[in-house]
Every structure is written in structure tokens, then in C-alpha cells.
Amino acid sequence: MTSPKTDTPLQILISAPDDAVAQFQPAIAKALDAAGVQAHVAPDLPPEEVDYIVFSPNGLISDFTPFTRARAALSLWAGVDKVLHNPTLTLPLARMVDPGQREGMIEYVTAHVLRHHIGMDRYITASQGWQQVAPPLARDRKVTVLGLGELGGACANALAALKFDTHGWSRRPRTLPGITAHSGDAGLCDALSGADIVVCLLPTTPQTENVLNAATLALLAPGAVVINPGRGSLIDDSALIAALDSGALGHATLDTFRIEPLPEDHPFRAHPKVTVSPHVASLVRVETSAAVIADNIRRGEAGAPFVHLVNRQAGY
């Protein structure tokens, strides 16, 4: 596939909070230049002159109809649930699939799985004297990853490489070497039954709302750990707190929430069995994501299909 050759620079709108614009505007311009695409990247272009929209789906653009010349909307976020049902967004919509973001998610997930597997909190948060406790080997610990897409599949592969008894669940059947894959409603029960650690990496859809609830949490092994770097809507908050309070669950490490920033008075904040991180598990990396944006624009100008297009029916 050859790079496009244009005499007139493309007009690329970047619509995001000021701090994101300050980082992404020069990075995208540099990546486009490296890809051989002449372009002007700016946050304040006339809508009718915009060729591509690069945006963060947090409400800066609510009406896409003025962008009559635009060829695609390219999200800076992996999740697009905030704009998926916007009736004015009829352009091809691509989500962010960033290799740097994927690596960051693998590091976050493996770090917290190993933290709970080894039982590091007993040494970090409490002084218990000289107690030598040997955890099970990874091969004897069942870890289930809910969601086997771009991020979930990568994390499941990393955990399997560490020799965990790795299970995964997805709505549709998938095959990953070294991972016991489940699908459908019955498969969800099999994936969760007896799991020692559960990692939530599903997208937000009507089908995944509260996938971890009182009934499904009861399937886990006693004292199990839940790690959620996916979406806040995946967990029934009240059911999670009840399971933690009863001792059925041992801990929850949560990075995403229904309301963000997480309110200071939220029960998760002060709960002794909850670790809160501020949605940092898989932050977009500027340089690598700028290259993804530039490549999609290059593809569009060369007449090639866009990559990472959102399936609006599936919701991701």
C-alpha cells in the first residue's frame, strides 16, 4: 500500500481537553509527517473544512453534523460507549487500539494478579513478625479473565505465560493457545466457578452490565480477588461490598468506576478490602497512539479500509 500524495494539506481537527491537545497535537503532526501525509492539525478548524476528526469521547463534540467533509472519526479512547449511540455520528468510527496502551494494561494486570497471588499485602500493610507463608504455585491458582478482546486476550496470554491456570470468557467463542476459553451464559458460570482471581476486561454493553453480581460473585472461590481495570458498569457495587463485608471475597482492586472521579465519600474509598486506582491501568501513550491515528489517516487517503472500526451493533 502506497502512501497518499496530496498537494493540499489535510485538515485534521483534534478535539479534546486542553492538556490532551497540548500533548497530542504535535505528536500527531509528527506521526503524519513520518507517514508521508501532509496535514494541518489544530483544535479550532471550521467544521466544514475538516477532513478527519480526532477526538476524546467526553462530550467536547456533541453534534457531528456540521462536519460535512469529514471522512472518519478517530477516537483517542479504547472505549466508545459515550458516543456510540450519538445519532449525529454517522461517520466511520474507529476506536483506539494502541500497542503502548496494551502493554500498560498487561503490566497493571500482571502486577496486581501477582500481588494477590503472592500475598504481598501481608508484608506491605501489616507487621506480622516473621511468618513464612508459601503461596500456591501459579499453576495451582485459577485466574479468569472476563473479556478476550484486544486487551483481555493480551492479559490472558501474559498470565498463561506465567503458568497460571488461566481461563477466559467472551460472548462469542474464541480460541487462545494455553487458555481454557468459555463463552455464553453457561460458559460464564464455568469460567467463574472456583476462580481465585477474576480480571474484568469486558466492554460496556447492555449484556455486560453487572456481569459480576451477587449470583456470579457467589461462584468464586472463598476469599477470591476481583480486579477491574475494564469498566465500572461491569460490577454491581452493592453486591461487591456485601461480598467483601461477609468475607466471601478477600479483596477488590478497582481502577474504573460508574462515576469518575470516584467521589470522596464513596464506600470504596475507605473500605479496608478495596484498592482504588484513578483509572490509570491503561492510559493512552501519546507517541504510540499518535502513530495509530496517523496510520488510519494514511489508510483512508490511500483508499485502504480503516482499522479498528467499531461494530455499532456489538457495541465495541
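Tabulated results
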{"quantity": "Any hit, the stretch 297-312, residues being of a type outside the set (Phe, Trp, Tyr), closer than 30 Å to Lys30 by Cα and assigned to a strand (DSSP E or B)", "calculated": "yes"}
{"quantity": "Members of the stretch 117-170 found to be part of a helix (DSSP H, G or I), over 23 Å from the mean Cα position of the chain (by Cα) and not charged (D, E, K, R), listed by number", "calculated": "Ile118, Tyr123, Ile124, Ala138"}
{"quantity": "Pair list, Cβ under 7 Å, 6 or more apart: the stretch 43-54 residue within 16 Å of Pro9 (Cα to Cα), other residue of a type in the set (Lys, Arg)", "calculated": "Glu48/Arg69; Glu49/Arg69; Val50/Arg69; Asp51/Arg69; Asp51/Arg71; Tyr52/Arg71"}
{"quantity": "The stretch 272-316, residues that are of a type in the set (Val, Ile, Thr) and closer than 20 Å to Glu150 by Cβ", "calculated": "Val280, Val284, Val286, Thr288, Val292, Ile293, Val307, Val310"}
{"quantity": "Residues (closer than 26 Å to Leu137 by Cβ and polar (S, T, N, Q)) located in the stretch 152-174", "calculated": "Asn157, Thr166"}
{"quantity": "Filtered residues of the stretch 294-316 (kept if within 21 Å of the chain's Cα centre (by Cα) and among the β-branched types (Val, Ile, Thr))", "calculated": "Val307, Val310"}
{"quantity": "Qualifying residue in the stretch 72-86 (condition: surrounded by 14 or more Cβ atoms within 10 Å (Cβ to Cβ), of a type in the set (A, V, I, L, M, F, W, C), under 21 Å from Ala291 (Cβ atoms) and over 21 Å from the mean Cα position of the chain (by Cα))", "calculated": "yes"}
{"quantity": "Whichever residue in the stretch 171-187 is of a type in the set (A, V, I, L, M) and not in a strand (DSSP E or B) and, among such residues, is nearest to Arg115 (Cα to Cα)", "calculated": "Ile179"}
{"quantity": "Evaluation of His251 against (1) assigned by TED's automatic domain parsing to the domain that holds Ser75; (2) over 30 Å from Pro26 (Cα atoms) (one fails), failing number", "calculated": "(1)"}
{"quantity": "Residue match in the stretch 23-35 (condition: among the polar types (S, T, N, Q), free of Cβ contacts under 8 Å to residues at least 24 places away in the same chain and not assigned by TED's automatic domain parsing to the domain that holds Leu148)", "calculated": "yes"}
{"quantity": "Helices (runs of 4 or more DSSP H) contained in the stretch 188-273 and holding at least 1 residues over 24 Å from Ala138 (Cα atoms), at pLDDT below 95 and touching a Ser or Thr at 6+ places or on another chain (Cβ under 8 Å)", "calculated": "none"}
{"quantity": "Selection count where residues are among the charged types (D, E, K, R) and either in contact with an Asp or Glu (Cβ under 7 Å, 6 or more places away or on another chain) or in contact (Cβ under 8 Å) with a residue 12 or more places away in the chain (or both), scope the stretch 169-181", "calculated": "2"}
{"quantity": "One residue from Gly178, Gly223, Gly152 being crowded, with 20+ Cβ neighbours inside 10 Å and not aromatic (Phe, Trp, Tyr)", "calculated": "Gly152"}
{"quantity": "Residue within the stretch 245-258 that is closer than 21 Å to Thr110 by Cβ and touching an Asp or Glu at 6+ places or on another chain (Cβ under 8 Å) present", "calculated": "yes"}
{"quantity": "Single condition Glu48 does not satisfy, out of (1) part of a helix (DSSP H, G or I); (2) modelled with pLDDT under 95; (3) surrounded by fewer than 13 Cβ atoms within 10 Å (Cβ to Cβ)", "calculated": "(2)"}
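Here's the yes/no breakdown for (1) touching a residue at least 12 places away in the same chain (Cβ under 8 Å); (2) polar (S, T, N, Q); (3) farther than 22 Å from Ala215 by Cβ:
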site: Val133; (1), (2), (3): yes, no, yes
site: Leu137; (1), (2), (3): yes, no, yes
site: Leu146; (1), (2), (3): yes, no, no
site: Glu150; (1), (2), (3): yes, no, yes
site: Gly153; (1), (2), (3): yes, no, yes
site: Leu159; (1), (2), (3): yes, no, yes
site: His167; (1), (2), (3): yes, no, no
site: Ser183; (1), (2), (3): yes, yes, no
site: Ala186; (1), (2), (3): no, no, no
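The values are calculated or read from the model by the stated rules, or taken from the named source; none is laboratory data. Every value quoted in this text rests on a predicted model; they were computed, and no experiment measured them. Quick reminder, even Gly has a Cβ in these numbers, built from the backbone with ideal geometry, and neighbours come from all protein chains shown.
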